[in-house]
1. Which value, in Å to one decimal place, does the Kirkwood hydrodynamic radius take for the range 70-138 when every pair of different Cα atoms is included?
2. Place a +1 charge on the Cβ of each Lys and Arg in the range 67-232 and a -1 charge on the Cβ of each Asp and Glu, then give the dipole magnitude about the Cα centre in debye, rounded to the nearest 20.
3. From the backbone phi of the range 132-141, what are the Karplus-calculated ³J(HN,Hα) couplings (6.51 cos²θ - 1.76 cosθ + 1.60, θ = phi - 60°) in whole Hz, Gly and Pro given as x?
4. Checking the a/c ratio against 1.5 first, then a/b against b/c, what shape does the Cα gyration tensor give for the range 67-232?
5. Once phi is turned into ³J(HN,Hα) by the Karplus curve 6.51 cos²θ - 1.76 cosθ + 1.60 with θ = phi - 60°, what whole-Hz value does each residue of the range 53-62 show in order, with x for glycine and proline?
6. Checking the a/c ratio against 1.5 first, then a/b against b/c, what shape does the Cα gyration tensor give for the range 103-154?
7. Give me, ordered by chain and number, the residues 5 or more places off Asn129 or on other chains with an amide H under 5 Å from its own placed amide H.
8. Count of lysine pairs in the range 67-232 with Cα atoms under 27 Å apart, counting only pairs 8 or more residues apart in sequence or on different chains?
Amino acid sequence: MSDQSQKSLVESRRLAYLQAMHIDVWRPRNTDAHSEAPAAQEGAADRPLQDWQSLRAAVAGCTRCELHKSRTQTVFGVGNEAADWMIIGEAPGMEEDRRGEPFVGRAGKLLDQMLRAVGLDRSKVFIANVLKCRPPNNRDPSAGEAAACRPYLDRQIELVQPRLILAVGRIAAQRLLETDAPVGRMRGQAHYYGERRIPLVVTYHPAYLLRSPLQKRKSWQDLCLAQNLIRDSSP
Ligand code: URA
């Protein structure tokens, strides 16, 4: 296959993917939509631009994995769309699936307390999950489910542009850092996420802390580390 045909194939796959995600593709104004000219297929003007409204709509109607069949509703995320802190958890549980908001069950109440301990609340941070739909019986998300949902989370991170990501729990940390290391090894240090190298701190999931309250001291240390990283990166 020639270089040009290979490029066209990659581009048509990319466009099919964007279409399935309901992502609008911008093209330069002077480009004929049917043109095969490379200039129409490359460059900044081709980048997907999805605003909050269309992203919310895409998530609400998502059927990219089997979880759409068992959910009551999707759980998009909540909070300040221009927050400095972005909190990323695993997936909605039963209460979240019922109410459509992340971290509203018992673990969520503890998360609220953890945030309050560093002077934050839900109106100041943005809270999202790796998965927007509840896995039945709260089982771990499969790799396929996480991959199907990933573009939504990536776009949320792009839109919020947080100064810090707090990954709560093993699943969020492993997916974001693309590792299978245990939380105990990932927490307590600064990581950096993506091309923008957003400081990322890993801490224990509040559901785990409810079962193992002695670990709360370590999660407090993680929150202090997160606070320091934000302070150090002050403009
Ligand atoms: N656990 C999570 O990871 N996310 C939620 O939204 C609720 C519980």
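1. Over the range 70-138, the inverse of the mean reciprocal pair distance is 12.0 Å.
2. 420
3. Those phi angles translate into 9, 10, 6, x, x, 6, 6, 5, 4, x Hz.
4. Rounded shape, in that the Cα axes give a/c under 1.5.
5. So the Karplus estimates, Gly and Pro as x, are 4, 6, 5, 4, 5, 5, 5, 4, x, 5 Hz.
6. Oblate is the answer for the range 103-154, as a/c is 1.5 or above yet b/c matches or exceeds a/b.
7. Placed amide hydrogens put Gly89 under 5 Å from Asn129.
8. 9
None of the figures in this text is laboratory data; all of them are computed from the coordinates on show. Just so we're clear, the structure is a prediction, and the values are computed from it rather than from any experiment. So basically every Cβ, Gly included, is an ideal-geometry build from the backbone, and we count neighbours across all protein chains shown.
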